[in-house]
Amino acid sequence: MLEYLHVIFWFIFIEILGLVSIPLAGIAGNRLADRGYSAARTLGIVLVTYLAWLFSFLCGFNRRTILISVLLLCLISGIVYRKQRTLPEKKILLSNELVFAASFFFFLLIRMYLPKIYRHEKFMDFAFLNAVMRTSSFPPADPWFAGGSLDFYYYFGYLAVGAPGKLFSVEPSMLFNLAIALTFALSFNLLFGFGYNLTHGKIRYGFLTALFVILLGNLQGVKEFISMYLIKETTIVGYYWSSSRVIPYTINEFPYFSFIHGDLHSHMIAIPFQLLVLAFLLNIYLRKDSNRVFESILELLIFSVSLGFLFLSNSWDFPIYFSLTFAVVFAFYYGYYIRSKSLYIQNKSLSRSVTGFLETVLSVFALSLLPYLPFYLSFKPQAASGFDFVPPELRTTIGEFLILFSLFLFLTLSFLITRLESRRKIQYFLLWIGISAFLAKELSIPLLVILLPLLALSLYSFQKDLTERSSAGFVSLLIAVAVFLALFCEIIFLDDHISGNFARMNTVFKFYMHLWTFLAIAASYSFYQLYFRYRAFPKNNLPTNRVYGKKVWTVSLMLLVLSCSVFPVVATFTRIEDMNAKPALDGMEYMKELDRGDYDAIKWIQENLSGTPIILEASSDDSSYSYISRVSANTGLPTVIGWARHEQFWGRDDTEIRARFEDVNTIYSTSSKKKALELMNKYNINYVYIGQLERQMYDIKTDKFQDETYFEPVYQGSVRIYKVKKEF
């Protein structure tokens, strides 16, 4: 029962963190309808995480450091509040609190029926979370490569959920599921606020935006439903999986798939941090009565630290959001140039605009990197070696793209076409569609038929809005960025350790999540604009063909929405049914039935071993996605070698990995105490774990562990754990 008390305190702390951060969110969101309140909770988590990480280089990473960070945030926020004394309206506070709490407990309930931290890549995610919570310094130790560190991985997403968990001593196996529910709720709340701010205070469109981005699925969901439940075709992978594998040889995840799938990956944890930056960019875009992008140094710092946080939580996000920042700052100074041209000499106005633009972009870039300099000094990514071109046979087809984004394309195209306003412009647009079809055939890039017209419309709408800088212009910019990302994925890919037909898998995987977010936000705003546009024209005043056209459009929209709503409903129930787990918050409960000895031994390790001593457990060259490495994954203690395929992908030397497998086998199997101890000394092994899995994999010679001069049995049961007392 005590562990649940820690969970209650943890949740109260998250709520308090949001309230404390209101003044700071108000500075970076002062032109938004909710004054940035929907972003306050996420901003508080970002700032506490950053401060705790920064102070750890002086005092170590511990509960005291985290508490100092919280108190410092309270102090800064208190000073800001005393100067400004502005708070959001009561309606905004209550609506956001209800949205956050309802979405958190809704998804926590789902997680309680899907609690297992097992299968897929959950062991990897849990290993990273445990490693971050155990560490006293950064970068944390690599739990699957003894002697190595996480200097190749962006671990701040795990730190962001690990720091509050560490402060309130929440069991990591509970925190894993809490973190998924928290990420869902933070994202839902931010999207609610985003829709609310785009529509200048309309709550229903706040909900619509959150529902479009977070809860909808793609058309593969209804296609798979018909195949499995109506036609009764059999499938190996179950219902929900194929919706994330529409484009062959790639991964095309979308938010609800990621949440219901339940791997605590960095790309999922990073969603609220992306939306935080997006909210602040909307605030900048809507600021029309100022000659400065940032009205204070503190606002510049808040934005830059939030932007810089993206690289350390999921590095693929940073170039996308920095490019978006570049475009928003350009729009700001272009508008400033147009407004001031009548007041100053044109050259002087142009000079000020260019100078302001360059200074702002360079300042943001520098201040998004410099605060995180210790991370970059130790960061040694080895997973990618450059770019390569996508071969024609691997490019996305029009049909696959429409399965993924039909609803969003339908709404955004409808909205953008209404922005053309004249028959001549529509004729030019039709001509451009023909040119796009020709280019698609000649260049063997089928998606150009969709992407080039969409790009032309979005850029036209964006440039049309540059002087006004309204919500419509910002949404048009999001559409344009989404199109650029889609084009990027059709032309080049990041050259990593995955080759052959799967070479562009990670490029599509990472970028299509942003594609979904931008197009879904744009689609919800498009519906808002189209609804008010058509409501303004009484049906009696419309020509007959317009009335029929409107009915066809409405029916098409309803069918698309219903089709995209099939996935979240069916996937949720089938996932719960397939897992068939007793409701629990502890993600290790499954282990009681799978291997009770492992469960008890790992719980003992969690309660009795501090720091990051190295523990020996079973390993093999075919270990990835298996039960192997269960001790290091569930405790964060480094082992000699964990999931081999993953370590290879992260850049570890293949020869050394194979040597480690052989050494682990030798330690367990040799009769020579001298040989075993020499190898233990080589890897600084502190504990030897012998469970059912080790006995199955190795011919273990246990006699050598009976020598009390060198070994001390610290845990005895169906699992035995020996402490290495001293070197040979």
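Of the residues TYR321, TYR333, TYR337, the single one that is modelled with pLDDT of 95 or more, assigned by the TED database to the domain that holds ASN30 and open to solvent by less than 40 Å² (accessible area, probe 1.4 Å) is TYR321. Among the residues making up region 398-431, a single one is in a helix (DSSP H, G or I) and among the acidic types (Asp, Glu): GLU400.
In region 165-199, the residue that is surrounded by the most Cβ atoms within 10 Å (Cβ to Cβ) out of those that are aromatic (Phe, Trp, Tyr) and part of a helix (DSSP H, G or I) is PHE188.
For region 452-472, a residue qualifies if it is closer than 15 Å to SER414 by Cα and open to solvent by less than 10 Å² (accessible area, probe 1.4 Å), and the qualifying residues are PRO453, LEU454, LEU457, SER458, SER461, ALA472. Of all the residues in region 611-624, those that are in contact (Cβ under 8 Å) with a residue 24 or more places away in the chain and either of a type in the set (Gly, Ala, Ser) or assigned to a helix (DSSP H, G or I) (or both) number 4. Residues that are open to solvent by 10 Å² or more (accessible area, probe 1.4 Å) and closer than 14 Å to ILE284 by Cβ within region 19-46 comprise ILE27, ASN30, ARG31, LEU32, listed in sequence order.
Residues of region 595-609 that are in contact (Cβ under 8 Å) with a residue 40 or more places away in the chain and either outside any helix (DSSP H, G or I) or touching a Ser or Thr at 6+ places or on another chain (Cβ under 7 Å) (or both): ASP595, GLY597, ILE605, GLN606, LEU609. Here VAL552 clears all of (1) part of a helix (DSSP H, G or I); (2) at pLDDT below 95; (3) open to solvent by less than 80 Å² (accessible area, probe 1.4 Å) except the condition numbered (3).
Candidates SER95, SER103: the one that is under 18 Å from the mean Cα position of the chain (by Cα), farther than 30 Å from ILE605 by Cβ and surrounded by 21 or more Cβ atoms within 10 Å (Cβ to Cβ) is SER103.
Across region 566-580, the qualifying residues are those that are open to solvent by 40 Å² or more (accessible area, probe 1.4 Å) and either in a helix (DSSP H, G or I) or at pLDDT 95 or above (or both), and the one among them that is nearest to MET112 (Cα to Cα) is ILE576. Do you know which residues across region 511-536 are open to solvent by 20 Å² or more (accessible area, probe 1.4 Å) and touching a residue at least 24 places away in the same chain (Cβ under 8 Å)? Correct list: PHE511, PHE527, TYR528, GLN529, ARG533.
A Cβ distance below 9 Å, combined with a sequence gap of six or more or placement on separate chains, defines the contacts here; from region 96-121, residues that are farther than 26 Å from ALA25 by Cα reach residues that are in a helix (DSSP H, G or I) and open to solvent by 50 Å² or more (accessible area, probe 1.4 Å) in the pairs TYR118/LEU594. Does any residue of region 325-332 turn out to be part of a helix (DSSP H, G or I), under 28 Å from MET513 (Cβ atoms) and without any contact (Cβ under 8 Å) to a residue 40 or more places away in the chain? Yes, the conditions are met somewhere in region 325-332.
If we scan region 432-451, do we find a residue that is in contact (Cβ under 8 Å) with a residue 24 or more places away in the chain, on the phi > 0 side of the Ramachandran plot, in a loop (DSSP other than H, G, I, E, B) and loosely packed, with under 15 Cβ neighbours inside 10 Å? Yes: one or more hits. Can you pull out every residue in region 1-18 that is open to solvent by less than 20 Å² (accessible area, probe 1.4 Å) and more than 18 Å from ASN177 (Cα to Cα)? Answer for region 1-18, where residues must be open to solvent by less than 20 Å² (accessible area, probe 1.4 Å) and more than 18 Å from ASN177 (Cα to Cα): LEU17, GLY18. Condition test on LEU114, is it surrounded by 16 or more Cβ atoms within 10 Å (Cβ to Cβ) and hydrophobic (A, V, I, L, M, F, W, C)? Spelling it out, LEU114 is indeed surrounded by 16 or more Cβ atoms within 10 Å (Cβ to Cβ) and hydrophobic (A, V, I, L, M, F, W, C). Taking the conditions exactly as written (in contact (Cβ under 8 Å) with a residue 12 or more places away in the chain and either outside any helix (DSSP H, G or I) or at positive phi (or both)), does GLY386 satisfy them or not? Criteria met by GLY386. Screening region 280-297 for residues that are charged (D, E, K, R) and in contact (Cβ under 8 Å) with a residue 40 or more places away in the chain and picking the one that is surrounded by the most Cβ atoms within 10 Å (Cβ to Cβ) gives ARG287.
Scan region 147-164 for residues that are open to solvent by less than 10 Å² (accessible area, probe 1.4 Å), touching a residue at least 24 places away in the same chain (Cβ under 8 Å) and not in a helix (DSSP H, G or I) and the total you get is 1.
Of all residues being among the basic types (Lys, Arg) and within 43 Å of the chain's Cα centre (by Cα) in region 679-722, which is least open to solvent (accessible area, probe 1.4 Å)? Just the residue, please. Per the criteria, the residue is ARG720. One residue stands out in region 298-318 among those that are in contact with a helix residue (DSSP H, G or I) (Cβ under 7 Å, 6 or more places away or on another chain) and part of a loop (DSSP other than H, G, I, E, B): the one that is least open to solvent (accessible area, probe 1.4 Å), namely ASN314. Within region 60-71, restricting attention to residues that are polar (S, T, N, Q) and surrounded by 21 or more Cβ atoms within 10 Å (Cβ to Cβ), the residue that is nearest to LEU278 (Cα to Cα) is SER69. Every listed requirement among (1) more than 37 Å from the chain's Cα centre (by Cα); (2) open to solvent by 30 Å² or more (accessible area, probe 1.4 Å) is met by ILE667 save one, (2). For region 710-726, the criterion of being among the hydrophobic types (A, V, I, L, M, F, W, C), over 29 Å from LYS122 (Cα atoms) and modelled with pLDDT under 95 is met by at least one residue.
Could you tell me whether any residue of region 692-699 is closer than 13 Å to SER619 by Cα and among the hydroxyl-bearing types (Ser, Thr, Tyr)? The answer is yes; a qualifying residue exists. The conditions of being over 25 Å from the mean Cα position of the chain (by Cα), of a type in the set (Phe, Trp, Tyr) and open to solvent by 30 Å² or more (accessible area, probe 1.4 Å) are met by PHE57.
Among the residues of region 208-222, is there at least one that is surrounded by 24 or more Cβ atoms within 10 Å (Cβ to Cβ) and among the aromatic types (Phe, Trp, Tyr)? Yes, region 208-222 contains a residue that is surrounded by 24 or more Cβ atoms within 10 Å (Cβ to Cβ) and among the aromatic types (Phe, Trp, Tyr). Checked across region 353-375, the condition of being open to solvent by 40 Å² or more (accessible area, probe 1.4 Å), at pLDDT below 90 and closer than 30 Å to ASN291 by Cβ holds for at least one residue. When residues in region 72-92 are screened for being at pLDDT below 95, among the hydrophobic types (A, V, I, L, M, F, W, C) and either surrounded by fewer than 16 Cβ atoms within 10 Å (Cβ to Cβ) or closer than 30 Å to GLU647 by Cα (or both), 2 of them pass.
The values are calculated or read from the model by the stated rules, or taken from the named source; none is laboratory data. Note that this is a predicted model, so its numbers are computed, not measured. Here Cβ is always computed from backbone atoms with ideal geometry, including for glycine, and neighbour counts include all displayed protein chains. Just so you know, the surface numbers come from the protein's heavy atoms only, side chains and all, with ligands and any DNA or RNA stripped out. Shrake-Rupley method; radii C 1.70, N 1.55, O 1.52, S 1.80 Å.
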